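Engineer: Quick one: the structure is below, and I'll ask about it shortly.
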Amino acid sequence: MAVHRPLLGWSRAAELPIPDAEPTFMGMPETLTPVYWTADMVRRLPEDGNRYEVVYGELLVTPAPPVWHQQLVGRLYVALAAYLETNHVGVVLASPADISWGQDVLVQPDVFVAPIEQARTLDWAAIRDLLLVVEVLSPSNLRQDRFIKRRRYQEARVPLYWIVDGDERQVEVWTPDDLFPRIERDRLTWQPGGGAGSFSLSLQELFRPI
């Protein structure tokens, strides 16, 4: 139950409500009480077609992605899965996901590779040491993927982070200590520890028309 506290110098008619500590989810997140979100609060949100994430208490809401975004996600997933069939260094997974590095962090990368031992647990809570993360840009997620989530992936020491820009036909390549990305316009490569060979994907092939 909300508690009312009078403002000094005002009549009781001017009292302001103080929200409960635990919110009641009655509608879309922008109408809800919380200012600082937790991973558990995000997990309790209803399924409505949006993707909900939280990074250091900030709620990130992404609507259903465009067709081109989904095409690129699918192509990257298939290419990585084929590579990992013969190089058993990890398991490729895709959003929806539940990757959390703390009570106020929950992210859902578009495509990512997890260590085999962690993936075999079949428990999201055990998947923490991501080997590769890929986010595909959409008009609604530019700030999230380039700044908010990118910094969190770097803090988590994700060895390699690709930001795929399907409009510009290029990929931003980030490593944990980078201050600026390397822009790749020709080919994506990845050499994980323990792999017999390197992963390679032509951007011409990735960005081919539907």
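Engineer: Inside the stretch 81-127, can you point out the residues that are farther than 28 Å from E168 by Cα, under 13 Å from the mean Cα position of the chain (by Cα) and not polar (S, T, N, Q)?
Structural biologist: Within the stretch 81-127, D98, I99, W101, V105, L106 qualify.
Engineer: Still on this structure: Has the stretch 57-80 got at least one residue that is surrounded by fewer than 22 Cβ atoms within 10 Å (Cβ to Cβ), assigned to a loop (DSSP other than H, G, I, E, B), within 14 Å of the chain's Cα centre (by Cα) and among the acidic types (D, E)?
Structural biologist: Among the residues of the stretch 57-80, not one is surrounded by fewer than 22 Cβ atoms within 10 Å (Cβ to Cβ), assigned to a loop (DSSP other than H, G, I, E, B), within 14 Å of the chain's Cα centre (by Cα) and among the acidic types (D, E), which makes the answer no.
Engineer: Further question on the same structure: Specify the residue that is surrounded by the most Cβ atoms within 10 Å (Cβ to Cβ); the eligible residues are those in the stretch 165-200 that are assigned to a loop (DSSP other than H, G, I, E, B) and touching a strand residue (DSSP E or B) at 6+ places or on another chain (Cβ under 6 Å).
Structural biologist: Once the filter is applied, the top-ranked residue is P181.
Engineer: Oh, and also: Residue by residue through the stretch 123-136, note down the ones that are aliphatic (A, V, I, L, M) and part of a strand (DSSP E or B).
Structural biologist: Correct list: L132, V133, V134, V136.
Engineer: Among the residues that make up the stretch 96-104, is at least one of them assigned by TED's automatic domain parsing to the domain that holds R169, of a type outside the set (F, W, Y) and within 18 Å of L188 (Cβ to Cβ)?
Structural biologist: Taking every residue of the stretch 96-104 in turn, none turns out to be assigned by TED's automatic domain parsing to the domain that holds R169, of a type outside the set (F, W, Y) and within 18 Å of L188 (Cβ to Cβ).
Engineer: Please go through the stretch 160-185 and pick out each residue that is over 21 Å from S138 (Cα atoms) and free of Cβ contacts under 8 Å to residues at least 24 places away in the same chain.
Structural biologist: Result: T175, P176, D177, L179.
Engineer: Taking A64 as meeting all but one of (1) modelled with pLDDT under 95; (2) touching a Ser or Thr at 6+ places or on another chain (Cβ under 7 Å); (3) of a type outside the set (S, T, Y), write down the number of the exception.
Structural biologist: For A64, the exception is condition (2).
Engineer: Further, regarding this structure: Looking at S100 and the list (1) buried (at least 17 other Cβ atoms within 10 Å of the Cβ); (2) closer than 20 Å to G193 by Cβ, which single condition is not satisfied?
Structural biologist: (2)
Engineer: Also, I was wondering about something else. Within the stretch 65-104, work out how many residues are β-branched (V, I, T) and in contact with a strand residue (DSSP E or B) (Cβ under 6 Å, 6 or more places away or on another chain).
Structural biologist: 4
To keep it simple, each residue is scored yes or no on (1) in contact (Cβ under 8 Å) with a residue 60 or more places away in the chain; (2) in a helix (DSSP H, G or I).
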{"position": "T121", "(1), (2)": "no, no"}
{"position": "S138", "(1), (2)": "yes, no"}
{"position": "F147", "(1), (2)": "no, yes"}
{"position": "V158", "(1), (2)": "no, no"}
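Engineer: Being in contact (Cβ under 8 Å) with a residue 12 or more places away in the chain, outside any strand (DSSP E or B) and not hydroxyl-bearing (S, T, Y) is the filter here; which residues of the stretch 90-119 pass it?
Structural biologist: G90, P96, A97, D98, Q103, D104, Q108, P109, D110, P115, I116, A119
The values are calculated or read from the model by the stated rules, or taken from the named source; none is laboratory data. None of these values were measured; they are calculated from a predicted model. In this analysis, Cβ positions are derived from the backbone assuming ideal geometry, glycine residues included, and neighbour counts consider all displayed protein chains.
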